[in-house]
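Each reported figure results from applying straightforward, stated rules to the coordinates on display, with no laboratory input. Just so you know, these numbers come straight off a predicted model, no measurement behind them. Glycine gets a Cβ as well: all are built from the backbone with ideal geometry, and neighbour counts include every protein chain shown.
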Amino acid sequence: MHKKKPSAEQKQQNKKEDSKFYPIILSQTEDQKTTSFIRGYKQFWPFLKPYWFMAVLGILLTIPVGALDAVIAAFLKPFMDNVMIEQQKSFADYVPLVIIGFTLVQGTFIYLSSIVNGYVGGKISLSIRTKLYKKLLTFETRFFDVNNSGSVIFRFFNDADQASAGLIANIKLFLTKFFSSVSLVCVLVYNSWQLTLVALGVLVFLILPLRIVRKRIKKIISRSVVGNTQLITLYNETTQGNRVIKAFGLSDLMFRQFKAKADFLFDIGIKLVRDTNWLSPVMHLVSSIGVAGVLYFGVQLILNGTITSGAFVSFLAALIMLYTPIKTIGNNFISVQQALLALDRIYELLDAKSFEDEANDKDKLVLPTIKDGIEFKDVHFSYTKEREILKGISFKVAMGKKIALVGNSGGGKTTVCSLIPRLYEVDSGSVLIDGHDVRDYTLDSLRSQIAVVFQDSFLFQGTIRHNITCAKPDATDEEIHEALKNSYLDEFVKGLPNGLDTVIGERGVSLSGGQKQRLSIARALIRNAPLVILDEATSALDNKSEKVVQKALDTLMKGRTTIVIAHRLSTIRDADTILVINDGLVVESGTHDELLAKNGVYAGLYMSQFKNKEQEERDEAELKSLEESMRAEKVKA
Ligand SMILES: Nc1ncnc2c1ncn2[C@@H]1O[C@H](COP(=O)(O)OP(=O)(O)OP(=O)(O)O)[C@@H](O)[C@H]1O
């Protein structure tokens, strides 16, 4: 059965609905617009504008570079007529000198123009890259959920250079060739307008091949972008997941995945060559037809005395010079098309909407400090349109109180916490702080009031000091040591040869799981924020360290509003309110004692953990006594 195609209006509507869920998906390339030179250069202009003076200088320098080509061709006419035919020896002496002189001047201009163009190109690339990185920082969390690291790295790293280098090189090439072509055409017309018509007439045959290639290139390049991003993601996974790869013996699997992706890219590369590189031989053919036509008609014109032999040779030399860039136009055309597509992709990113855009922060309230507390009012939320995660969550946290979120795995506890610093926007309902919706506050002021210890305790490449001070750049060494002491890391750091300045590797790879978690607690401590969110902050710790860190967390929580997600219920018995969140709903709430008395979901959870613990302790005791009796038996024997 045939599926009915959606109408344009329907598509627009779907796009609108989708844009809430997927701000922008980098691997979707089928919607790319056509590459038009005019639109491309219009898009390029804002980046070029600040450097227009240098760009014009670069252009002025290219005029003589191009025009000097014609001088050599033009000199052939007097040379042929005066030296070869009239046998004037004196003329022959200075012509070679003049040609060398011109070439020296041309070389100097080429050098100067490359310096100027290199500067302009570099500056433009820098400003595109800076703008893109600023934009990347404003993308909301959802953007990073739906785009893999490869697409982000490829699009943000590669496209700036490709667009600026391709378009600058193209402008330079175009202008040099343009001025050289104009002057060469002058030489052609000067020598014979009839032959000029023949020589230029054949160029109309170039239009169709160029059009065909332009269409094909667009499709192939879009697929190659996707292939490249997949490969970069694989490289990322290979470095970041190298322990899992080794421990699970996944090298073969990874290699097969790599091979498939690399082969795909190879096939695309070959397809690009196959589908576009026929342009060069076609250009050769067209130019040969031009030369053949000129030779054929030129002889007639010489024979009937319309032009001299000198004029004919000069014409032929100018024509060959004019045709040379046309023969290589295929390669330039491909690189320009790539640059135009890269520019399209850049604009797609720059134009993408994000609620974190600074511009949206105008007219917003500044949250100086949280005074009253937080309230969730009938909050609904979904990551994808297929599944609602929070189905109407409501609760209140008064200032200075500790609230614990417990419940089934995947029930939505982390999601609830992500909505407070506005990592995501609610679908409906509201998250209020001091009576105002979090959307009414500037993001900076809102987030400065919150310290979060995430489940995965992400650490930056760099030193221990850097990982702490990133939360408070003006922190003194004393404050840093205080934070380390309170997170029970001070002894460990003191024992390191470089102390605070020890480099901990990417994602803190040289630290143990517990040390990573304690370092992220130290980072939260130094922030000294009135609201603390602890998303299973002690999950990577053993029983003993957990107790130690729990004490540190108690200091951190004192006098602050705290939201704690915990699986080990023993750690949150003292919470002012415990919310049991199952499948996106608050199914129970109250203090530990109230909930136990209720004998509901929480009581069930608690008892099962308690029983498990008791059982564990009993098993351990039994094992110990067994070991002891075996030892005693051995001694007896
Ligand atoms: N970025 C995301 N994109 C899509 N779905 C997500 C995303 N993050 C979480 N989910 C889904 O949302 C649901 C709630 O996840 P959440 O992390 O909030 O649960 P949780 O209660 O904190 O679980 P746990 O106790 O296991 O950490 C899960 O079903 C999860 O699959």
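Structure summary
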item	result
MRE, 222 nm, helices only [DSSP H, n ≥ 4, -39500 (n - 2.57), over the chain, to nearest 500]	-21000 deg cm²/dmol
The stretch 37-356, relative contact order [Cα under 8 Å, separation at least 6], %	33 percent
Difference of contour (0.36 nm per residue) and Cα-Cα distance, Y235 to L303	17.6 nm
Entries of K135/K353; K402/K516; K485/K551; K49/K215 with Cα pairs more than 20 Å apart	K402/K516; K49/K215
Relative contact order for the stretch 373-598, counting Cα pairs under 8 Å that sit 6 or more residues apart, in percent	29 percent
Computed E for I85/N158 - FRET, C-beta separation, R0 60 angstrom, nearest 0.05	0.55
The chain shape via C-alpha gyration tensor axes, a/c threshold 1.5	prolate
Sequence-separation-based contact order of the chain, relative, with Cα cut under 8 Å and 6+ spacing, percent	14 percent
Alpha-carbon centroids, the stretch 211-284 and the stretch 362-376: separation in whole Å	48 Å
DSSP H segments from the chain that extend 15 Å or more along their own axis, Cα-based, with Kyte-Doolittle mean of -1.0 or above	37-48, 52-78, 89-138, 159-191, 207-240, 251-276, 279-303, 309-327, 329-351, 513-527, 543-557
Gain on full stretching of the segment that runs from T138 to D576 - 0.36 nm per residue minus C-alpha separation	154.1 nm
Full-extension gain in nm, Q455 to D593, via 0.36 nm per residue minus C-alpha separation	47.0 nm
Modelled FRET efficiency - R0 51 Å, A169 with T463, Cβ distances, 0.05 increments	0.80
Approximate spin-label separation V273-F53, in nm, with each point projected 7 Å along Cα-to-Cβ	4.7 nm
Spatial separation of Cα centroids for the stretch 110-159 and the stretch 569-604, in angstrom	49 Å
Charge dipole (the stretch 373-598, unit charges on Cβ, about Cα centre) - positive-most of T415, L459, A597	A597
